[in-house]
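The values are calculated or read from the model by the stated rules, or taken from the named source; none is laboratory data. Only a predicted model underlies this, so the values are computations on that prediction, with no experimental measurement involved. Neighbour counts run over all protein chains shown; Cβ positions are idealised from the backbone, glycine included. For the accessible areas, the whole protein counts, side chains as well, though only heavy atoms, and no ligand, DNA or RNA atoms are used. Shrake-Rupley method; radii C 1.70, N 1.55, O 1.52, S 1.80 Å.
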Amino acid sequence: MAQFVEPRSIDVVPDEERHGRAFGQFTLWLGANLQITAVVTGALAVVFGGDVVWSVAGLLLGNLLGGAVMALHSTQGPRLGLPQMIQSRAQFGVRGAVVPLLLVVVMYVGFFASGSVLAGQAVGELTHTDDTTGILVFAVVTGVIATAGYRVVHALGRVASTVCALAFVFLAVRLLERADTSALLHDAHFSLPVFLLAVSLSASWQLAFGPYVADYSRYLPRTTSPKATFWWTLSGSALGSQWSMTFGVLVAATAGESFLDSQVGYVVGLGGTGLVASFLYFVIALGKLTVNVLNTYGGFMSLVTGVSGFRGQRRLSRAGRVAYIALVMAAGTAVALLGKDGFLSSFKDFLLFLLTFFTPWSAINLVDYYLISKERYDLAALADPHGRYGAWRWDALAVYAAGLLAQLPFLATGFYTGPLVEPLGGADISWIVGLVVPALLYRLVARRVPLPDVPAAVHAAEPGVSTSATGPTAS
């Protein structure tokens, strides 16, 4: 019987412990995206002036573009057997990787908090208590599942993908009974800025998964087809988010302020009362539980990766695992409790601003992995600040900084708007700039770290031998 608590954290998953099929990525990411925050994200496209037709089209384009970037990260998992962010050491250095890592942890603590507020409302209604009790109960359950790790996380994804899909079909039928779909579909008026806003909303949603997506594919067998991993990840994430966001577009177009004032209450009221309402409260909590577990697990991995770069730590004890996860959970819960009465509306702007820090990281990581290193890393050197990748890679850090600065003129948030936003009609295209500029710059300045070939018979566990993505290499 498999161990309940995952024994590994940031260390390499050996081939004999690999298991599963690429299809597991579909159910996990479908379940993680069939949830109420994705519904609200889709609704924003209409709230900011879009019509149903072009909002849905823009959201679809963004989900496909951002989802493709996210899925390219997913294919790194089976190849390397490592969590996503520890790979950043190959680009930024063993210690230099702490720069994006700290921001990743802050972002996922924030996402944990915002998700806990909505889930806390649902749990409070289910348990006949209040929002505060609901948030606390939800946080404890999230922490337990995140501590259990990879197998339990994927099992949760399988359950959530089925239950939430059935609930969303039911809700869609109920919504369409109330909506005048013919009028909504005929009221189409294209506006480039509003269309680009819809694209940015969904693309940013997908890009936010990038810093931890390989955490959930790293146990797949090394022989797993990269194409299968890519397409199952993309299809699950894009389908789940587009489904939820399209529902949000229709809700915003028909319900308007009554939905925005009480998202949880409106969705449950749409479905009915009594047992149906209880089921929908459960579905809302389940959908948020799935993605919050990912946020907690990914935040824990990122925190350990950052700290271990300075401590030289290669493995983590179970007690250490519990402590790190408790730290992420406690921080997210504290922010949720402080912000449950309104603070999170401005905090969401801050989180969207933080996303500007991850598009350059994503571009650098993908260019390095696919074009510079050709999908081969010296895995042992990722833990050695005196090894191939060094402690700090100043060329990559400089490109990263350039990628951040290049986005600022195109960025539009509640507290900052760049000078080039207005000439573009109010559209925020910072995420496009944040991908293209650092990708081109890194391709120009990055140096390839050569890995010598050795016979495949050499075992990775032998002293003085480290493992590359394609097999062992001499240290």
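Expressed in units of 2.2 N^0.38 Å, where N is the residue count, the Cα radius of gyration of the range 198-342 is 1.30. When all alpha carbon pairs of the range 1-73 are counted in 10 Å bins from zero, the resulting P(r) reads 14, 33, 27, 15, 10, 1 %. The largest accessible area among Lys340, Lys374, Lys227 belongs to the first residue in Lys227, Lys374, Lys340, and the rest follow in falling order (1.4 Å probe, all chains).
Computed over protein heavy atoms with a 1.4 Å probe, the carbon and sulfur contribution to the accessible area of the chain reaches 68%.
Dividing the mean sequence gap of close Cα pairs (under 8 Å, 6+ apart) by how many residues the range 1-158 holds gives a relative contact order of 34 percent.
Per residue, how much accessible surface does the range 116-254 expose to a 1.4 Å probe? Answer in Å², no decimals. If you can, show how the numbers build up before the last one.
Working: 5470 Å² over 139 residues.
On a per-residue basis, 39 Å².
When peptides 273-285, 415-427 are ranked by their average number of other Cβ atoms within 10 Å per residue, the highest-first order is 273-285, 415-427. At what distance in angstrom do the alpha carbon centres of the range 156-230 and the range 326-340 lie from each other? Rounded to whole Å, the Cα centres lie 27 Å apart.
Couplings for the range 251-261, taken from phi via the Karplus curve 6.51 cos²θ - 1.76 cosθ + 1.60 with θ = phi - 60°, read 5, 5, 6, 9, 9, x, 5, 4, 7, 5, 6 Hz in order; Gly and Pro are left as x.
Give me the one-decimal nm value for the distance between modelled label points at Leu275 and Arg315, 7 Å along each residue's Cα-to-Cβ direction. The two pseudo-label positions are separated by 5.0 nm.
Computed packing ranks the peptides 102-112, 402-412 as 102-112, 402-412, most packed first, by mean other Cβ atoms within 10 Å. The three principal axes of the Cα atoms in the range 1-138 give end-to-end lengths of 47, 41, 33 Å, sorted in falling order. Per residue, the solvent-accessible area of the range 1-65 (1.4 Å probe, heavy atoms of protein chains only, all protein chains present) comes to 39 Å².
Other residues with beta-carbon under 14 Å from the beta-carbon of Val98 carry, at +1 per Lys or Arg and -1 per Asp or Glu, a net charge of +4.
With contacts taken as Cα pairs under 8 Å at a separation of at least 6 residues, the chain carries a relative contact order of 30 percent.
In the chain, helices alone account for a calculated mean residue ellipticity at 222 nm of -21500 deg cm²/dmol, with every DSSP H run of four or more residues adding -39,500 (n - 2.57). The rule of thumb for compact globular proteins, 2.2 N^0.38 Å, goes into the C-alpha radius of gyration of the range 70-197 1.48 times. Once both labels are positioned 7 Å from their Cα atoms along Cα-to-Cβ, the gap between Ser225 and Arg18 label points is 1.6 nm.
Hull volume per residue, based on the alpha-carbon atoms of the chain and their convex hull, is 134 Å³.
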